[in-house]
Amino acid sequence: MTTDVASSMVLTLSCPDQPGIVSTVSGLLYNARCNILDAQQFDDTETGRFFMRVVFLRLEQAKSEEEIVSAMGELASRLGMQFVLRPNSAVKRVMLLVSKFEHCLTDLLYRWRIGELPMEITAVVSNHGREHLAFTDLGELPFHHLPITKESKVEQEARLWNLVKDTKTDLIVLARYMQILSTDFSSKLSGRCINIHHSFLPGFKGAKPYHQAHERGVKVIGATAHYVTSDLDEGPIIEQDTERISHRDTPDDLVRKGRDIERRVLARAVHYHLDDRVVLNGKKTVVFND
């Protein structure tokens, strides 16, 4: 038996809860001559929905990927199930959007270069020129400058959407992209656009959030990574983190600490998405952590 995890497949699913789902899915994979390497499940008693993530390996003489997908399709029709099935070796295509704050972009690129985030970067897009990314090594990555004004917003979003389609991008990451996406554009990116918000909860909106936090004497700051929706900073949350502060911290201290939190929260959220660990559950998410 081979145990090469890199050649394994990942199955995520959700459906109305009912008895026998785990047994049925396991039986389907057994009959397809597959060996389950890891399985996680969650039964949301509030919504009555069931969620599952399975990593499995196709053994010798196993059914083909197409046959397994077909069998899962038949099961999905019978159980009202939504599922995603992909080989672990199939990396997602990711587009990174940034404005002038480059700490999240630089961190993601570093993690990508060392192999921590397995993805194919289709482009880096900014509403500012490349000269504003003085500390970021883009290498040979395609860079697109799409300046946005009130008058050009609709036109530039259309160009961005065409770029997403032309590059066959699977995921967009707003790495401190300081532009509000329109309702129409947000709807097109449902479940495939991640943003980082500079607050544990969206309590300090607008300009200089850390200065607002300092003025209010907060004791905890944090960051939230979430999927983008038409409701500003209110999309399904993927990951959050916090750090305690004190009266000795200046606004600059909060900005510095905030940058660190934003980097690690966004990186974890992107990792979870790339690894098919996030399943949408209405206004929330189910995240199967490592």
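Quick notes
- The single condition among (1) in contact (Cβ under 8 Å) with a residue 60 or more places away in the chain; (2) part of a helix (DSSP H, G or I) that Glu116 does not meet is (2).
- Residues considered: Ser126, Ser99. Of these, the only one that is hydroxyl-bearing (Ser, Thr, Tyr), assigned by TED's automatic domain parsing to the domain that holds Arg159 and within 20 Å of Gly258 (Cα to Cα) is Ser99.
- The residues on offer are Arg53, Arg78, and the sole one that is in a helix (DSSP H, G or I), outside the structural domain of Ala123 (by TED's automatic domain parsing) and not β-branched (Val, Ile, Thr) is Arg78.
- Pair list, Cβ < 8 Å and 6+ apart or interchain, from segment 235-262 residues that are in contact (Cβ under 8 Å) with a residue 40 or more places away in the chain to residues that are in a helix (DSSP H, G or I) and of a type in the set (Ser, Thr, Tyr): Ile238/Tyr272; Glu239/Tyr272; Pro251/Tyr210; Leu254/Tyr210; Val255/Tyr210; Gly258/Tyr210
- Among the residues making up segment 209-229, those that are of a type outside the set (S, T, N, Q) and touching an Asp or Glu at 6+ places or on another chain (Cβ under 9 Å) are Tyr210, His214, Val220, Ile221, Gly222, Ala223, Ala225, His226.
Residues are listed down the side, and each one gets a yes or a no for (1) acidic (Asp, Glu); (2) outside the structural domain of Ile180 (by TED's automatic domain parsing); (3) more than 17 Å from Met178 (Cα to Cα); (4) out of contact with any Cys (no Cβ under 6 Å at 6 or more places or on another chain):
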residue: Ser64; (1), (2), (3), (4): no, yes, yes, yes
residue: Glu74; (1), (2), (3), (4): yes, yes, yes, yes
residue: Arg111; (1), (2), (3), (4): no, no, yes, yes
residue: Glu116; (1), (2), (3), (4): yes, no, yes, yes
residue: Thr122; (1), (2), (3), (4): no, no, yes, yes
residue: Gly139; (1), (2), (3), (4): no, no, yes, yes
residue: His144; (1), (2), (3), (4): no, no, no, yes
residue: Arg159; (1), (2), (3), (4): no, no, yes, yes
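- In the set (1) among the hydrophobic types (A, V, I, L, M, F, W, C); (2) under 15 Å from Cys104 (Cβ atoms); (3) more than 17 Å from the chain's Cα centre (by Cα), the condition left unmet by Leu174 is number (3).
- Listed by first and then second residue, the pairs linking a residue in segment 208-229 that is free of Cβ contacts under 8 Å to residues at least 60 places away in the same chain and farther than 18 Å from His271 by Cβ to a residue that is assigned to a strand (DSSP E or B) and of a type in the set (Lys, Arg), with Cβ atoms under 6 Å apart and 6 or more places separating them unless they lie on different chains, are Val220/Arg244.
Residue-by-condition table, conditions (1) in the same structural domain as Phe83 (by TED's automatic domain parsing); (2) among the hydroxyl-bearing types (Ser, Thr, Tyr); (3) out of contact with any Asp or Glu (no Cβ under 9 Å at 6 or more places or on another chain):
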site	(1), (2), (3)
Cys15	yes, no, yes
Gln18	yes, no, yes
Val22	yes, no, yes
Gly27	yes, no, yes
Tyr30	yes, yes, yes
Arg33	yes, no, no
Leu37	yes, no, yes
Gln41	yes, no, yes
Thr45	yes, yes, no
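- Residue, surrounded by the fewest Cβ atoms within 10 Å (Cβ to Cβ), within segment 131-180, restricted to residues that are among the hydroxyl-bearing types (Ser, Thr, Tyr) and touching a residue at least 24 places away in the same chain (Cβ under 8 Å): Thr167
- Enumeration of residues in segment 1-17 that are modelled with pLDDT of 95 or more and farther than 21 Å from Asp290 by Cβ: Cys15, Pro16, Asp17
- Tally, over segment 272-290, of residues that are part of a helix (DSSP H, G or I) and surrounded by fewer than 20 Cβ atoms within 10 Å (Cβ to Cβ): 1
- Only one of the listed residues (Gly258, Gly217, Gly206) is at pLDDT below 95 and either of a type in the set (Phe, Trp, Tyr) or on the phi < 0 side of the Ramachandran plot (or both). That residue is Gly258.
- Subset tally (residues that are surrounded by fewer than 16 Cβ atoms within 10 Å (Cβ to Cβ) and of a type in the set (A, V, I, L, M)) for segment 181-205: 1
The values are calculated or read from the model by the stated rules, or taken from the named source; none is laboratory data. Given the structure is predicted, the values throughout are model-derived calculations rather than measurements. Neighbour counts are summed over all protein chains in view; Cβ atoms, including those assigned to glycine, are modelled from backbone coordinates with ideal geometry.
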